[in-house]
1. Ordering Asp250, Asp328 from largest to smallest accessible area (1.4 angstrom probe), what's the sequence?
2. Measuring from a point 7 Å past the Cα of Ala112 along Cα-to-C-beta, which residues in the range 136-174 have an amide N at less than 18 Å?
3. Report the charge-dipole magnitude of the chain in Debye, nearest 20, computed about the Cα centre from +1 at each Lys and Arg Cβ and -1 at each Asp and Glu Cβ.
4. Take Lys266 and Leu66, extend 7 Å from each Cα along the Cα→Cβ direction, and tell me the distance between the two endpoints in nm.
5. Taking amide hydrogens as modeled 1.01 Å from N in the peptide plane, which residues meet the under 5 Å criterion relative to Gly27, leaving out close sequence neighbours?
6. Whole percent per 5 Å bin, from 0 to the bin with the longest distance: what is P(r) over all C-alpha pairs of the range 1-104?
7. Rounded to the nearest 0.05, what FRET efficiency is calculated for Val319 and Ser241 with R0 set to 22 Å and r the Cβ-Cβ distance?
8. Output the 0 to 90 degree angle, nearest 10, between the alpha-carbon long axis of helix 253-266 and the longest principal axis computed from the alpha carbons of the chain.
Amino acid sequence: MIRVEQLRKSFGTLEVLKGITVEIRKGEVVSIIGPSGCGKSTFLRCLNLLEQPTAGSIHVDGVDILDRRAEVARLRQRMNMVFQSFNLFSHLSVVANLTLGPIRLKGMEPKAAREKAIELLRLVGLAEKADSYPDELSGGQKQRVAIARCLAMEPEVILFDEPTSALDPTMVREVLSVIRRLAKEGMTMVIVTHEMDFARDVSSRVLYFDQGVIHEEGTPDQIFDHPQRDRTRAFIHRIRSLTRRFASPDFDLYALNAEVEAFCEKQILSRPVRDNLLLLIEESLQLCRPFLAVGGLEMTLSHSETTDRTELVWTAPGVRLNPLDGEDLEDALSLNLVRNLCASADHEWVDGVNRLKLVLKTGSES
Ligand code: ADP
Ligand code: MG
């Protein structure tokens, strides 16, 4: 139904979309997720020509829409968009918001348009608000009116740009329920959303956008439960990380501890977890000392907000050396502490790089 090839969009020197290729079939519900500023809205806006793409092509039912600019109004009826900020006309009643497009653009009779509008308001649970004005409605009600207004144009595809992100948490559900219902009825939809649980159960396919490209795509199961790429995984599990390099044994331990403390603060780690982490860093650094003398050492500390997992990874290029073997008697105490603090501790040597992965025990395990 929609075929997008190598779509690019720049604003001046800022390249926002760097070659998006995707096909959307009739009846599909495609969710787009990804960090803010990665081009999700720009992509939707290009689809219905609110933005003019810099390069690439968009075909809708085989017709090159970039070639047929005269039919923009018709295209926007077929691919109608629902915005984060509702965009209702505040000087018009609810029902007038719904009938405006059909009367003006589709030449519908006012009476028929009103009947149809009331029917759609009933569908979104707001028939009794037909003669109210937008300012008299809650955010959730406004967004449901916006969806009904969109449906009044009888679109073949609906594009949603973060339809719930301007709403109070209590109103998110009523709007998502309406979208779920449309999905069940087979409406083709492209939905940019931050609501991961919703994206998981409503979508047939999920696109993970990052840095202006589709970084990974798949079924909800693939993307949410088995993401293949690091950036996807970091986004899904809300993993934040801190990386530091150590070039010599004379690094500034106080500065390191302060940075780790700041990281813990940001991730809202509890005091005991922080203390354990600081101890783990100090003791495992003791074990990794031999690496400092040779090729240098890198530390990556990461924490996942969704799984609550805290991981410390040391990497060092060079000959195979497992700090956990602990042949040095001096290291026996450190080794013991490291083992006690960790749920798992593994060493591997791949492509000439030693990698020591330590997973901190959580409260319940320690
Ligand atoms: P997302 O929806 O994923 O958060 P957007 O598509 O809104 O991201 O924006 C992507 C980038 O493009 C951002 O850096 C944003 O500032 C920039 N951008 C969006 N629209 C414009 C515009 N009209 N002019 C200049 N820059 C823009
Ligand atoms: Mg956006």
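The values are calculated or read from the model by the stated rules, or taken from the named source; none is laboratory data. Fair warning: this is a prediction, and the values are worked out from it, not measured in the lab. Glycine gets a Cβ as well: all are built from the backbone with ideal geometry, and neighbour counts include every protein chain shown. Heads up: the accessible areas ignore ligands, DNA and RNA and are worked out on the full protein's heavy atoms, side chains in. Shrake-Rupley method; radii C 1.70, N 1.55, O 1.52, S 1.80 Å.
1. Largest accessible area first, the residues go Asp250, Asp328.
2. 151-155
3. Roughly 1820 debye, rounded to the nearest 20.
4. Output for this residue pair reads 3.8 nm.
5. Here Thr188 satisfy the definition.
6. With a bin width of 5 Å, the distribution comes to 2, 10, 19, 22, 18, 14, 9, 5, 1.
7. Using R0 = 22 Å, I get an efficiency of 0.20.
8. Roughly 30 degrees, rounded to the nearest 10.
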